[in-house]
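The values are calculated or read from the model by the stated rules, or taken from the named source; none is laboratory data. Worth saying up front: this structure is predicted, and the values here are computed from it rather than measured. Positions of Cβ are backbone-derived with ideal geometry, glycine not excepted, and every protein chain shown enters the neighbour counts.
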Amino acid sequence: MDITLSHCFIQVDNHEEAYAFYHEVLGLEVRNDVKFENMRWLTVGSPEQPDVDIVLEPPCANPNASPADRQAIAELMAKGMMRGVVFATADCDATFERLRAAGAEVLQEPIDQPYGVRDCAFRDPSGNLLRFNQKKG
């Protein structure tokens, strides 16, 4: 099979905050910004990976979602229970310091993991977990 990753999705509850964090703090380029029927999909990505997009979508973008589903997702986001992404970095410590200085919520300072990476973790403004890994060795 010849397959590659094209898109991943992160739910955000405030696109302006997400734009500021992902574009201005992380330095990802904005690739698409689409408004449609009271919704907005903001697509960002690393200049180093032009074929991989991160879509910052509104919570429960599915128009068939019930009010109960929407409420459940909002509650999970508020608790920081939604998953985010893992970014690779050449220098975990420098990335950590840059994000901390920008005011990002720190979850884990850089540590060496037994599975061969040095990593740290933050939450984005919507509560999504973001990890930053540096391969050891």
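Data table
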read-out: Residue within the range 124-133 that is in contact (Cβ under 8 Å) with a residue 60 or more places away in the chain and among the polar types (S, T, N, Q) present; value: yes
read-out: Residues that are of a type in the set (A, V, I, L, M, F, W, C), part of a helix (DSSP H, G or I) and surrounded by 13 or more Cβ atoms within 10 Å (Cβ to Cβ), drawn from the range 99-124; value: 99
read-out: Residues being farther than 10 Å from residue 133 by Cα and touching a helix residue (DSSP H, G or I) at 6+ places or on another chain (Cβ under 8 Å) - total across the range 82-97; value: 1
read-out: Close pairs from the range 71-83: first within 14 Å of residue 58 (Cα to Cα) and in contact (Cβ under 8 Å) with a residue 24 or more places away in the chain, partner among the aliphatic types (A, V, I, L, M) and assigned to a helix (DSSP H, G or I), Cβ under 8 Å, at least 6 apart; value: 82/73; 82/76
read-out: Top-ranked residue of the range 30-58 - restricted to ones that are in contact (Cβ under 8 Å) with a residue 40 or more places away in the chain and in contact with a helix residue (DSSP H, G or I) (Cβ under 8 Å, 6 or more places away or on another chain), ranked as surrounded by the most Cβ atoms within 10 Å (Cβ to Cβ); value: 56
read-out: Number of the condition not met by residue 96 [criteria: (1) in a helix (DSSP H, G or I); (2) of a type in the set (A, V, I, L, M, F, W, C); (3) touching a residue at least 40 places away in the same chain (Cβ under 8 Å); (4) surrounded by 15 or more Cβ atoms within 10 Å (Cβ to Cβ)]; value: (3)
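Conditions tested, residue by residue: (1) surrounded by 19 or more Cβ atoms within 10 Å (Cβ to Cβ); (2) in a helix (DSSP H, G or I); (3) among the basic types (Lys, Arg).
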| position | (1), (2), (3) |
| --- | --- |
| 69 | no, yes, no |
| 74 | no, yes, no |
| 77 | no, yes, no |
| 83 | no, no, yes |
| 90 | no, no, no |
| 132 | yes, no, no |
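One line per residue, one yes/no per condition, for (1) at pLDDT 90 or above; (2) over 21 Å from residue 131 (Cβ atoms); (3) out of contact with any Phe, Trp or Tyr (no Cβ under 6 Å at 6 or more places or on another chain); (4) among the aromatic types (Phe, Trp, Tyr):
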{"site": "1", "(1), (2), (3), (4)": "no, yes, yes, no"}
{"site": "24", "(1), (2), (3), (4)": "yes, no, yes, no"}
{"site": "30", "(1), (2), (3), (4)": "yes, yes, yes, no"}
{"site": "35", "(1), (2), (3), (4)": "no, yes, yes, no"}
{"site": "39", "(1), (2), (3), (4)": "no, yes, yes, no"}
{"site": "44", "(1), (2), (3), (4)": "yes, no, no, no"}
{"site": "47", "(1), (2), (3), (4)": "yes, no, yes, no"}
{"site": "51", "(1), (2), (3), (4)": "yes, yes, yes, no"}
{"site": "54", "(1), (2), (3), (4)": "yes, no, yes, no"}
